[in-house]
Amino acid sequence: MAWDDSADVVVVGFGAAGVATALTAARRGADVLVLERQAATAHTPSAKAAAAFVLTVTDVEQGARYLDRCAAGTTPYAVSRAWAALAADLEGWLREACPGITSAPGEGMHGVAAHADFDGADAVRTLQFTVPGSTGRPGAELFVALAESAGATGRVRVAWNHRGRRLVRDDAGRVAGLDCALPDGSVRRIRARRGVVLTTGGFENDQGLVRQYLRAAPMYFAGNPDNTGDGLRMAQAAGAGLWHMNGAEGRQVGRFDLGDGRWLAFQMALPPGGYVVLDGAGRRFCDEHRYTRIHTVWYELLAYDVGTHTYPRIPAYWVFDARRFTAGPLVSSMIGPVSMGLYTWSPDNTAELARGWISAGATATELGTALGMARPDAVDEAVADYNAGCAIGEDAFGRPASSLVPLQPPFYAVPLYPGGVGTMGGPEHDEHGRVLDPFGDPIGGLYSAGSVGQMIGDLYPAPGSGWSEALCAGRMAGAAAATGS
Ligand SMILES: Cc1cc2nc3c(=O)[nH]c(=O)nc-3n(C[C@H](O)[C@H](O)[C@H](O)COP(=O)(O)OP(=O)(O)OC[C@H]3O[C@@H](n4cnc5c(N)ncnc54)[C@H](O)[C@@H]3O)c2cc1C
């Protein structure tokens, strides 16, 4: 076979998992080549969309039991335990890899386990990391610090504009390298002497795959537009078994037309108080306060109406008043497309109002008309009921009294879709990051880490699980691939 380049370990995808894999393999003496489909000047892994909350654990056995419970039988215990073991020293690993980095308890949503009633939950601790000289883009800055650390080993090269397409196997069936496509249409064949590690992120931005595997439609995601399931396809073609295909790191997102053929999804910042969320018929359906706090409340949007064969909560509508409109941008600058540099949201939301991304009405019924509801006055009824609850400090959906701020005209609304951060599903791997076939046997020379096929199987364990999973899985795969074991 003729090869255009070679390395001991070839890492496909340069995000959170890719950088941890590369750093780990290089530190173990491997010569590493990272292939990244994007250009260096337009590099937007979901890692850079993140807030750099990172899950750690204080006790390996308890942490393993908690992660295992969250996976609900979809991830082998040995894999959850291996994650917990690495999460236990993750703070130290990051401090050593990124000199000067600081950490603080992950405030904002909650800095602890999302499911406090599960066994082992007490062992979970979320930290938010900040690099020295931070300008408020924590995920992007953490990624750059790790990339510099990997570069400093002198053993890691990055080939930009190299899109991994197909794995190449030798006569014995072992993965020996891969073909990548370049922007000019040419193909380069890269040899991996010890292993190929797939770290291409999820399939969240391939609508065909989303329709096939996720639980409802449509669903949209606020991460890297180029995470389109390439690693999943490559692994499938090599005979990988799949896990967690119906899972997502879920939130509720707004999705908007940029007017140049592109659409972007954003995680909306609902607080401060003075809002409700309605379905397509103008009805409230849950305690909206929880939307701001946990990663599982998006399941509420998936309800299916068997009578009409529709998803009446897709989209749902976030309805708020001038108090929220004037309180600041409807999205956080710290995460998502803003943090990735893909869009600058106006400080007073007026540009987005002018673009038509935000609907408005002088009265609630007018807003219902602007939203195209069959019965626009249903919005008025929902707001009146909610306000009546605010007056007595009691909410029909159990919303805490502290969040019950009455709504006053004029009114605004943004459609909310289920989706969020990224998908979980893809090639299954063992506790060493080795990709397994459907019978549970490792596919020689093939490893994976991160959202291409996450260890998170069902419930999102706590804020910071995505980065933690990617870093710990990258460390597993990098260590194993460095020896080809
Ligand atoms: C808005 C938002 C906020 C978030 N906040 C947090 C948070 O605070 N804490 C947390 O833990 N997690 C957070 N996450 C999730 C976290 O960012 C992801 O779990 C993590 O980045 C996954 O890492 P990854 O390496 O698998 O994927 P990514 O970081 O997306 O990296 C994948 C890389 O692979 C490249 N690639 C794709 N296909 C190919 C191909 N064929 N060939 C070569 N390269 C390819 C992509 O371009 C990309 O650079 C957030 C995500 C989003 C979107």
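The values are calculated or read from the model by the stated rules, or taken from the named source; none is laboratory data. The shown structure was predicted, so the numbers you read here are calculated from the model rather than taken from an experiment. Don't worry about glycine lacking a Cβ; one is built from the backbone with ideal geometry, like all the others, and counts go over all protein chains shown. Only protein heavy atoms, including side chains, enter the accessible area calculation; ligands, DNA and RNA are left aside. Shrake-Rupley method; radii C 1.70, N 1.55, O 1.52, S 1.80 Å.
Could you give me D for the range 243-316, from Stokes-Einstein at 37 °C and 0.692 mPa s, where the hydrodynamic radius is the Kirkwood radius over C-alpha pairs? Units µm² s⁻¹, please. The diffusion coefficient I find is 234 µm²/s. Peptides 248-261, 229-242 ranked from most to least packed, by the mean per-residue count of other Cβ atoms within 10 Å: 229-242, 248-261. For the chain, the share of accessible area belonging to carbon and sulfur comes to 50 percent (1.4 Å probe, ligands and nucleic acids excluded).
Tally Lys/Arg at +1 and Asp/Glu at -1 over every other residue whose Cβ is under 13 Å from the Cβ of Cys98; what's the total? Net charge in that neighbourhood comes out at -3. For the peptides 153-166, 297-310, 348-361, the ranking by packing is 153-166, 348-361, 297-310, with the highest mean count of neighbouring Cβ atoms within 10 Å listed first. For the range 58-151, the solvent-accessible area with a 1.4 angstrom probe is 43 square angstrom per residue.
Mean sequence separation of contacting Cα pairs (under 8 Å, at least six apart), scaled by the length of the range 1-96, corresponds to a relative contact order of 22 percent. What the Kirkwood sum gives for the range 54-138 is a hydrodynamic radius of 13.5 Å, with every pair of different alpha carbons counted. Find how many whole Å separate the alpha carbon centroid of the range 126-184 from the alpha carbon centroid of the range 395-438. That distance is 27 Å. Residue by residue, the range 327-338 carries 3J(HN,Hα) couplings of 6, x, x, 6, 10, 7, 6, 7, 9, x, x, 5 Hz when phi is fed to the Karplus relation 6.51 cos²θ - 1.76 cosθ + 1.60 (θ = phi - 60°); x denotes Gly or Pro. When only Cα pairs below 8 angstrom with a gap of at least 6 residues are kept, the chain shows a relative contact order of 25 percent. Per residue, the accessible area of the range 311-395 comes to 43 Å², computed with a 1.4 Å probe over protein heavy atoms only. Three principal axis extents of the range 168-303 based on alpha-carbon atoms, in descending order, are 63, 35, 24 Å. Using only Cα coordinates, the Kirkwood hydrodynamic radius of the chain works out to 23.0 Å.
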